[in-house]
Structures are given as C-alpha cells and as structure tokens.
Amino acid sequence: MDSNVLIWSIVALATAGVIVRPWRLPEAFWACLGAVLLVAFGLLSWRQALTGVLKGTDVYLFLTGMMLLAELAREQGLFDWLAAKAARAARGSPTRLFALVFGVGTLVTAFLSNDATAVVLTPAVAAVMRAADAKQPLPYLLTCAFIANAASFVLPISNPANLVVYGSQMPPLLHWLPLYALPSVLAVLATYAALRLSERRRLTQPIAHDVEIPVLSGCGHLTAWAIIVTSAVLLTASAFGIALGLPTFLAGTVTAVIVFLCSRSNPLTPVRNMSWGILPLVAGLFVMVEALAQTGATAALATLLHGLIQQSAPAAAWLSGIVVAVGCNLVNNLPAGLLAERTMQFATVPERVRAAFLIGIDLGPNLSVTGSLATILWLTALKRDGYHVTAWAFLKLGVVVMPVALVLAIAGAFAFR
C-alpha cells in the first residue's frame with residue numbers, strides 16, 4: 001500500500017476514534033494509538049514524532065496552568081458560589097437566570113478558557129438547577145456548551161485552539177482586541193439570541209428564587225483574586241507578545257501554592273482531579289499532523305489557499321472560515337486548527353484571512369457535539385450529573401445557532417480595515 005494512503009488511513013481512523021470513542025476508551029488513547037502506529041509502520045521516524053510532540057510545548061503548559069486554576073476554583077467552591085449567586089439574582093425568572101448563566105459562562109470562557117466552562121461551570125450549573133428545582137434544566141446546561149465556543153476568541157487565552165492556529169505568531173493583545181472585539185461581540189450576542197429564541201418554550205417554567213448561596217471561604221476569595229491577578233498577568237504577557245504557555249503554567253502553580261498554604265489541604269487532590277488525558281490527546285494530534293505534512297497535504301492546501309487569496313482575499317476568507325467551521329465538526333477543531341496553522345505557514349495569508357480561519361475553528365464546533373474538545377468534555381460532565389443530550393438534538397439546535405453567529409463574526413472581522 002502507498003505510504004501516503006496508509007498515513008491518511010491511520011490518521012482518519014485515529015481521528016474517528018477520538019470523536020466516537022469506541023468501547024468508551026478515552027480520546028487520548030486513540031490519538032496516541034494513531035501516533036504509535038505511524039512510527040511502528042515506519043511512516044514517521046521517532047525523531048519526527050518527537051519534533052511534532054515538542055511543537056505543542058506552549059499548548060501543554062497553557063492547558064496545565066488553566067486546568068490547575070479551574071480545578072482550584074472548583075475545589076474552593078468558587079463556581080458553585082457564582083452559579084448560586086446568579087440563581088438568586090434571577091429572582092425566580094427563568095429568562096433572567098438564563099441570561100445570567102450565559103453571562104457567567106462568557107466571563108469564565110474569556111478569562112479561564114472554554115474547557116473550564118465545560119468541565120467546571122457545567123456541574124456547578126447542574127447543582128444550581130437542582131437547588132432551584134428547575135423543571136427544564138437543559139436550556140441552562142446547553143448555554144455552557146454554546147458559550148464555551150462562542151466566546152472563545154474574546155481573548156487569546158480563551159481557547160487553546162487559538163494557540164494552535166497562531167502557533168509562534170500569536171499577535172499581541174493590543175493587536176488582537178481591535179481584530180476580534182467586534183466579531184466576538186457579534187458571535188456572543190447572536191448565540192444568545194438564537195438560543196433564547198430556540199429555548200423560549202422551555203424557559204417558561206418557574207424556578208425557585210430562594211436558592212441557598214454556599215459560603216465562600218477565605219481561601220475561595222483568595223482563589224478568585226488569584227484568578228483575577230493571573231488574568232491580568234496573562235493579558236500583560238499577551239500585550240507584549242510573550243508566549244502564553246509558561247506564564248499560564250507559572251501563574252497556576254503559584255496560585256496553587258498560595259491556596260494550599262491557606263487551606264492546608266492535600267496539594268495532590270486538585271492535581272489528581274485534573275483532566276490529564278487532554279495532554280497526550282493534543283500530543284498525539286500534533287504527531288498525526290506532522291505525518292500529514294509528510295504526504296504533501298499541507299503544501300497542496302497552501303497552494304490552493306494562495307491561489308484563492310490572489311483572486312480575492314475576502315472571498316478566500318469567507319470560503320476558508322465556512323469550510324473550516326464545517327470541517328472541524330468532522331475531525332474536531334484541534335486537528336483542524338493544526339492543519340490550518342501548518343497550511344498558513346506555507347502561504348502568505350492576510351490578517352483577515354487568518355482571522356476567518358480562527359473564527360471558523362472556534363465557532364464552528366457549535367454545530368455538533370464532535371466539533372471541539374470542550375463540547376466533548378461538556379457531554380461527559382452532563383452524564384456524570386445524570387443528564388443526556390443526543391447528538392441529533394444538539395445538531396438540530398446547532399444548525400440554528402452556529403451559522404448566523406459565524407456569518408456575523410466573519411463579517412465583523414472585515415468591518416474595520
């Protein structure tokens with residue numbers, strides 16, 4: 001069999017395993033299996049595989065720091081406290097509670113990444129739904145999934161995929177904000193409006209207004225302040241064009257030490273509870289994309305993209321954003337982002353075209369449950385709390401929510417030149 005065909009076959013099957021999870025084996029197992037098979041069959045040398053793994057170093061550090069911060073916030077009850085505060089502020093109004101949960105989800109996604117919204121905020125919202133005796137909890141829980149993707153390009157730190165798409169060329173914060181501020185606002189507002197309209201019938205059931213607000217300990221307050229300071233540090237690092245991985249890791253580590261000294265708790269508890277499987281999953285994906293580069297696929301895509309840009313940069317941006325948005329639902333947005341980044345390395349890509357790529361990678365996953373790691377993690381969190389959303393039910397809602405937000409966000413990227 002031709003080596004290129006074999007590479008594509010292994011990558012396709014491994015990616016399908018990540019999405020479908022046969023025999024309930026974790027996503028990381030299939031990504032790592034694909035990487036191992038590529039080396040075992042001599043399709044990729046171990047040095048090339050190691051090169052692929054090392055290219056993700058900044059992403060691993062970023063994810064580790066963010067997961068540690070999110071787990072500390074969960075352990076100290078910060079997310080439960082925020083969700084309960086939102087429920088009390090709703091004063092028995094389901095629509096007001098929906099808006100407040102959406103707002104909290106936006107803030108968590110923007111400053112702690114979309115994975116934190118999926119993994120940590122979702123269980124907190126589920127707990128509040130039980131406390132508020134909500135007869136229709138799914139609209140509020142769905143909000144956690146959709147805002148995790150819709151708000152994931154508010155800031156560079158809002159989604160690990162942002163680091164993947166830009167690689168070593170991440171723009172400084174003062175360059176990022178003018179480019180993505182309007183698209184982010186449009187994406188968030190469009191997502192809210194579409195969800196609110198789609199779920200209007202289920203948002204008529206009254207909820208309890210006397211929700212008990214858990215006491216936030218002194219260590220919980222300290223954790224909240226540490227997260228605020230961390231966000232400021234990361235925004236400062238981004239403003240000066242510093243890679244975000246190491247500052248995020250150091251900020252998470254320092255916060256953990258401070259919280260441990262305050263609470264005198266077991267320092268290994270949050271470390272054990274972190275979703276460590278994300279790191280080998282991302283490493284395996286980096287290796288598979290390294291193998292795809294050997295087939296000439298990324299070079300061919302770069303040639304095609306360069307030709308489109310030569311004809312019309314705006315048309316290339318629209319086509320790229322839409323194709324990538326749909327495509328990441330077939331292969332997940334992390335491998336799609338890696339392919340996009342590698343393709344753009346070979347082609348001279350205008351700023352707005354790269355922005356359209358990133359918007360498609362971040363926002364496209366709102367179409368289906370297979371689109372992003374955050375949505376997959378959200379499904380897992382739901383199942384732990386006894387809730388179930390079918391792929392078909394999510395798709396029916398995603399078809400309504402995602403396209404409008406995508407079109408408005410890409411249009412927003414071209415509003416100011």
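The lone criterion from (1) touching a helix residue (DSSP H, G or I) at 6+ places or on another chain (Cβ under 6 Å); (2) hydroxyl-bearing (Ser, Thr, Tyr); (3) within 23 Å of PRO214 (Cα to Cα) left unmet by TYR60 is number (3).
Residue check: SER231 meets all listed conditions (1) within 20 Å of GLY56 (Cβ to Cβ); (2) modelled with pLDDT under 85; (3) part of a helix (DSSP H, G or I); (4) of a type outside the set (A, V, I, L, M, F, W, C) but one, namely (1). None of VAL59, VAL20 is under 18 Å from the mean Cα position of the chain (by Cα) and modelled with pLDDT under 85 except VAL59. Being in contact with a Leu (Cβ under 6 Å, 6 or more places away or on another chain) and either surrounded by fewer than 24 Cβ atoms within 10 Å (Cβ to Cβ) or under 23 Å from GLY412 (Cα atoms) (or both) is a condition met by no residue of segment 297-309.
Scanning segment 373-394 for residues that are within 12 Å of the chain's Cα centre (by Cα) and more than 18 Å from THR106 (Cα to Cα) yields a single hit, ILE376. Flag not set for ALA283, criterion: over 26 Å from the mean Cα position of the chain (by Cα) and among the aliphatic types (A, V, I, L, M). Is it the case that segment 348-368 has a residue that's among the hydroxyl-bearing types (Ser, Thr, Tyr) and in contact with a Ser or Thr (Cβ under 9 Å, 6 or more places away or on another chain)? Yes, segment 348-368 contains a residue that is among the hydroxyl-bearing types (Ser, Thr, Tyr) and in contact with a Ser or Thr (Cβ under 9 Å, 6 or more places away or on another chain). Note on segment 83-99: residues that are surrounded by fewer than 23 Cβ atoms within 10 Å (Cβ to Cβ) and either assigned to a helix (DSSP H, G or I) or aliphatic (A, V, I, L, M) (or both) amount to 9.
Matching residues to (1) surrounded by fewer than 24 Cβ atoms within 10 Å (Cβ to Cβ); (2) within 24 Å of ILE7 (Cβ to Cβ); (3) among the acidic types (Asp, Glu):
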{"position": "ALA291", "(1), (2), (3)": "no, yes, no"}
{"position": "TRP318", "(1), (2), (3)": "yes, no, no"}
{"position": "ALA325", "(1), (2), (3)": "no, no, no"}
{"position": "GLN345", "(1), (2), (3)": "yes, yes, no"}
{"position": "PHE357", "(1), (2), (3)": "no, yes, no"}
{"position": "ASN366", "(1), (2), (3)": "no, no, no"}
{"position": "THR370", "(1), (2), (3)": "yes, yes, no"}
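A single entry from THR303, THR269, THR348, THR370 fulfils the requirement of being closer than 30 Å to VAL39 by Cβ, among the β-branched types (Val, Ile, Thr) and over 21 Å from the mean Cα position of the chain (by Cα): THR303. You will find that of VAL271, VAL287, VAL331, VAL282, the residue that is surrounded by 22 or more Cβ atoms within 10 Å (Cβ to Cβ) and at pLDDT below 85 is VAL282 and no other. Has segment 81-96 got any residue that is under 18 Å from THR191 (Cα atoms) and either out of contact with any Lys or Arg (no Cβ under 9 Å at 6 or more places or on another chain) or polar (S, T, N, Q) (or both)? Checked segment 81-96: at least one residue is under 18 Å from THR191 (Cα atoms) and either out of contact with any Lys or Arg (no Cβ under 9 Å at 6 or more places or on another chain) or polar (S, T, N, Q) (or both). Against the test of being out of contact with any Lys or Arg (no Cβ under 8 Å at 6 or more places or on another chain), more than 20 Å from ARG272 (Cβ to Cβ) and part of a helix (DSSP H, G or I), the options LEU121, LEU72 yield a single qualifying residue, LEU121.
Reported count of residues in segment 156-178, each being surrounded by fewer than 24 Cβ atoms within 10 Å (Cβ to Cβ) and hydrophobic (A, V, I, L, M, F, W, C), is 5. Restrict the check to segment 82-102 and report whether at least one residue is out of contact with any helix residue (DSSP H, G or I) (no Cβ under 7 Å at 6 or more places or on another chain) and of a type in the set (Ser, Thr, Tyr). Yes, because at least one residue in segment 82-102 is out of contact with any helix residue (DSSP H, G or I) (no Cβ under 7 Å at 6 or more places or on another chain) and of a type in the set (Ser, Thr, Tyr).
Taking segment 237-274 as the range and being touching a residue at least 12 places away in the same chain (Cβ under 8 Å) and of a type in the set (S, T, N, Q) as the test, the residues that pass are SER238, THR248, THR253, THR255, SER263, SER265, THR269, ASN273. Looking across segment 199-234 at every residue that is under 21 Å from the mean Cα position of the chain (by Cα) and of a type in the set (S, T, N, Q), the one that is surrounded by the fewest Cβ atoms within 10 Å (Cβ to Cβ) is identified as SER231.
Here is the figure for segment 294-340: residues that are in contact (Cβ under 8 Å) with a residue 60 or more places away in the chain, farther than 20 Å from GLN48 by Cβ and of a type outside the set (Gly, Ala, Ser) total 6. Pairs linking a residue in segment 212-228 that is in contact (Cβ under 8 Å) with a residue 24 or more places away in the chain to a residue that is surrounded by fewer than 18 Cβ atoms within 10 Å (Cβ to Cβ) and aliphatic (A, V, I, L, M), with Cβ atoms under 7 Å and 6 or more positions apart or on different chains, are LEU222/ILE258; ALA226/ILE258. Considering segment 246-262, the residues that are surrounded by 19 or more Cβ atoms within 10 Å (Cβ to Cβ) and hydroxyl-bearing (Ser, Thr, Tyr) include one that is nearest to ALA118 (Cα to Cα), namely THR248.
Within the set ALA148, ALA243, ALA193, ALA237, the sole residue that is modelled with pLDDT of 85 or more, of a type outside the set (Ser, Thr, Tyr) and surrounded by 15 or more Cβ atoms within 10 Å (Cβ to Cβ) turns out to be ALA148. Is there any pair linking a residue in segment 341-365 that is closer than 15 Å to PHE414 by Cα to one that is modelled with pLDDT of 90 or more and outside any helix (DSSP H, G or I), with Cβ under 7 Å and at least six apart or on different chains, and which? Qualifying pairs under 7 Å: LEU358/PHE153; ILE359/PHE153.
The values are calculated or read from the model by the stated rules, or taken from the named source; none is laboratory data. Note that the structure is a prediction, hence the values are computed from the model and not measured. Glycine also receives a Cβ, built like all others from the backbone with ideal geometry; neighbour counts cover every protein chain displayed.
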